[in-house]
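Everything below concerns the one structure shown next.
The values are calculated or read from the model by the stated rules, or taken from the named source; none is laboratory data. Remember, it's a predicted structure, so these values are computed and weren't measured experimentally. We place every Cβ from the backbone using ideal geometry, glycine too, and count neighbours over all the protein chains shown.
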Amino acid sequence: MKLFKMQLSREQYHKVTVVLSAMLILAVFFGYNTWKERKQYQIFLQNTYQRGFEEMVTEVENIKVLLDKVEVTNSTVQSNTLMSQVWMQAMSAAENLGQLPISHTSLSKTAKYLSQVGDFTYSISKQNAANKLMTDEQFGQIEKLKDYAETLLLELYRMEEKVAQGDLRFGEIRKQGKLILKRASENAVDVNFGKMDQIYTDYPTLIYDGPFSDNVIEGKPKGLSGEKVDMDKAKETAGRFVGEKQVGSIREVSSGNGRINTYGLEVTPKGENADYKINIDITKTGGHVLWMLNSRDVLEKTLSNEEASAKAKAFLKEQGFGDLVETYYLNEDNTTMMTFIGVTKEGVLLYPDMLKVKVARDNGEVVGFDSYSYLMAPKDRKNLTPKLTEAQARAKLSQRLTVNRVKLAIIPLPGNREQLCYEFKGKYKDNDYFVYINAENGNEENILKIIKEDNGTLTQ
């Protein structure tokens with residue numbers, strides 16, 4: 001009887017042990033899941049806030065470029081367009097700033113700046129609508145606003161670097177609760193924005209590819225010529241384009257219908273290169289190469305920019321393209337992306353006839369190609385004689401711009417249009433610009449600011 005009681009007690013002991021162990025495991029599991037969910041939520045917050053911050057940086061960059069352009073415009077129509085764009089960028093930047101988890105005291109002056117940039121430029125746009133340009137006093141205010149935008153950008157870039165290095169995390173704000181500026185650490189978001197706000201001590205009361213790269217003419221592809229081609233012909237064209245000697249196999253992967261109908265093909269190279277793919281789209285009309293991308297890694301850089309450019313020009317000539325002029329380039333990941341545009345025998349630049357070529361800097365191979373703009377643009381332009389003389393067009397320019405080069409150019413305009421313009425390349429202060437004056441009526445059609453960086457030359 002005593003033995004049975006002792007055995008029963010042991011059984012109860014084991015049951016209790018099992019139950020407690022199970023409860024412990026469940027508690028650990030539940031705690032881990034809770035921690036994991038909180039971690040995921042924290043990452044979600046960090047990504048959301050960081051995205052808003054990056055958008056705000058881009059918008060302030062756009063404000064700076066647009067205000068730069070305002071300084072060299074001499075057209076109420078162009079000024080109205082620029083001022084309206086500044087207003088929209090300022091409102092969007094203010095909205096993104098307001099969504100960041102920062103105390104109002106730390107961003108009040110920055111928010112005020114963005115608000116006043118928007119209000120002031122909106123008032124100027126209404127003035128422009130009445131066919132009135134800025135007064136000298138208003139121009140002086142624009143200069144001050146631009147200078148503050150430049151200073152603000154420097155602070156934003158400093159913060160952006162801290163975010164990239166992981167020294168500044170927006171997601172930590174919600175976890176820690178509302179920060180008090182005096183108690184915050186040096187890396188806290190409030191402190192950084194508080195320092196940024198100090199740039200407005202004397203604050204007054206109160207935009208990679210080359211020009212027109214994002215202004216592709218809409219509508220039907222006017223440069224698409226030739227008969228319908230079948231799949232066999234498309235594969236033949238793809239093979240010639242990438243080099244028949246290196247082609248292992250070609251298969252269809254993503255043919256589709258759009259503004260330009262294409263056969264979507266995938267090329268597998270021969271032998272040791274079979275581990276990467278080359279994607280290429282061939283137009284169903286005419287069998288033109290619309291787009292190509294070689295996915296191989298480019299691990300070293302042995303060619304100069306000039307050598308890469310020579311490889312690109314030789315490739316385009318081999319593919320049967322006519323006269324072209326190289327405009328801008330961008331170096332990235334041991335490759336160089338170059339933009340080429342058409343040019344007539346008389347030297348008129350044809351910006352809508354744009355091609356992009358990406359060259360690997362290890363061996364000069366073309367690893368990227370884009371002819372969308374080229375195929376969308378018309379090829380039957382007839383009258384390229386300007387009505388205005390160069391002197392008449394030059395008289396339409398802002399006197400602030402020092403001109404150092406003039407050319408005739410066809411540029412794309414909204415509404416599926418093109419326009420012959422005088423392209424004036426000039427300088428104001430330390431900035432370079434392209435100003436486009438309509439060769440028929442003298443209107444200022446566009447202004448582009450030239451951005452020179454270590455990895456290339458761009459325009460905005």
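The table below lists the values:
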| item | result |
| --- | --- |
| Of residues in the stretch 234-258 being basic (Lys, Arg) and farther than 25 Å from Met354 by Cα, the one surrounded by the fewest Cβ atoms within 10 Å (Cβ to Cβ) | Lys245 |
| For Phe315: the one exception among (1) in contact with a Ser or Thr (Cβ under 9 Å, 6 or more places away or on another chain); (2) more than 28 Å from Val406 (Cα to Cα) | (1) |
| Qualifying residue in the stretch 325-339 (condition: within 24 Å of the chain's Cα centre (by Cα) and under 17 Å from Gly223 (Cα atoms)) | no |
| Filter result (under 29 Å from Ser254 (Cβ atoms) and among the charged types (D, E, K, R)) within the stretch 285-341 | Arg296, Asp297, Lys311, Glu318, Glu332, Asp333 |
| Members of the stretch 46-95 that are in a helix (DSSP H, G or I) and touching a strand residue (DSSP E or B) at 6+ places or on another chain (Cβ under 8 Å) | Val65, Asp68, Lys69, Val77, Gln78, Leu82 |
| First in the stretch 89-102 and modelled with pLDDT under 80, second anywhere and hydroxyl-bearing (Ser, Thr, Tyr), Cβ under 6 Å, 6 or more apart | Leu100/Tyr49 |
| Residue among Gly258, Gly271, Gly226, Gly248 that alone is under 30 Å from Leu413 (Cα atoms) and over 27 Å from the mean Cα position of the chain (by Cα) | Gly226 |
| Qualifying positions in the stretch 363-416 - within 22 Å of the chain's Cα centre (by Cα) and of a type in the set (S, T, N, Q) | Ser371, Ser373 |
| Matching option when the condition is of a type outside the set (Lys, Arg), more than 30 Å from Asn294 (Cα to Cα), surrounded by fewer than 21 Cβ atoms within 10 Å (Cβ to Cβ) and not assigned by TED's automatic domain parsing to the domain that holds Lys284, among Asn443, Asn438 | Asn443 |
